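Just below is one structure, and these are the notes that go with it.
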Amino acid sequence: MPTADTLAELSRRIASDDPEAFAVFYRAWFDRCVGLVRRATGLDHATCLDVVQDVMMRLAVSMPIFDADADGERWLRRVLVNAARDRLRAALRRRIREQRSMRARRSWRDPQPAGRPDEIAALAKQLARLEQDAADLLRRRFSLGWTLERISREIGLKPGAVDGRLRRLLERLRRDADDTRSSPEERGGGRG
């Protein structure tokens, strides 16, 4: 019969809502868990503490019952490593978003137009000729970087309708630009 401090017995007591059992588990396993996360991931001590604390909070509410200590230890190790990996992935996603945001802010403050100056001037003229609604739609999407969902909420259309309008506007701008660049002979206006 396992003693009261074995992981298998503690898991049974915690599952039966014994308040003292979780306190015993926490005191006995917290530092071990921090060491395990640190060895498995190489994270700094403060981050390891956060990971273990998050896992402990989840275990206080729903800890499975283990038949043997070895089963519980394997499960706990897997849960801790997965929680640490989730934290690393979240930090990576946050850094990527921040980098994109910084690049977007830099390009907004110091735009570097792509294309030849004559093409840029022609595009500026095309944009100036657009209806106000069309110009606003393009500005919201490409200058402000709004999502289709945000634009749709603002103008009262479904995201698919906004996407369709944007696609038609861009196609119209492309056709107009192609017509402007092509010679009169290519457009069929040459001598025949």
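Read-outs: derived from the displayed coordinates by stated rules, not from any lab. Just so we're clear, the structure is a prediction, and the values are computed from it rather than from any experiment. When we count neighbours, we look across all protein chains shown, and the Cβ atoms used for this are built from the backbone with ideal geometry, even at glycine.
With +1 on each Lys and Arg Cβ and -1 on each Asp and Glu Cβ, how big is the dipole of the stretch 114-181 about its Cα centre, in debye rounded to the nearest 20?
Computed about the Cα centre, the dipole is about 140 debye.
Please list 3J(HN,Hα) in residue order for the stretch 135-151, calculated via the Karplus relation 6.51 cos²θ - 1.76 cosθ + 1.60 where θ = phi - 60°; whole Hz, with x for glycine and proline.
5, 4, 4, 5, 5, 4, 6, 9, 7, 8, x, 5, 7, 4, 5, 5, 4
Find which of ALA28, LEU130, ALA70 sits farthest along the positive direction of the dipole of the chain, computed with +1 on the beta-carbon of Lys and Arg, -1 on that of Asp and Glu, about the Cα centre.
Of the options given, the answer is LEU130.
Rg and Dmax in Å for the chain, alpha carbons only: what are they?
Cα only, the chain: 30.4, 103 Å (Rg, Dmax).
Report the FRET efficiency, 1/(1 + (r/R0)^6), for LYS158 and LEU127, where r is their Cβ-Cβ distance and R0 is 25 Å, rounded to 0.05.
E between LYS158 and LEU127, to the nearest 0.05, is 0.50.
How many nm separate the modelled label positions at ARG100 and ARG150, each set 7 Å beyond the Cα in the direction of the Cβ?
Going from the ARG100 label point to the ARG150 one covers 1.2 nm.
So what is the calculated 222 nm ellipticity per residue for the chain, using -39500 (n - 2.57) for each DSSP H run with n of 4 or more, over all residues, to the nearest 500 deg cm²/dmol? Mind dumping the intermediate values first?
Details: 8 runs with 141 residues, N = 192.
For the chain, the value works out to -25000 deg cm²/dmol.
Explain nothing, just compute: Karplus ³J(HN,Hα) = 6.51 cos²θ - 1.76 cosθ + 1.60, θ = phi - 60°, for every residue of the stretch 88-99 in order, whole Hz, x for Gly and Pro.
These are the phi-based 3J(HN,Hα) values: 5, 5, 4, 5, 5, 4, 4, 4, 4, 4, 5, 5 Hz.
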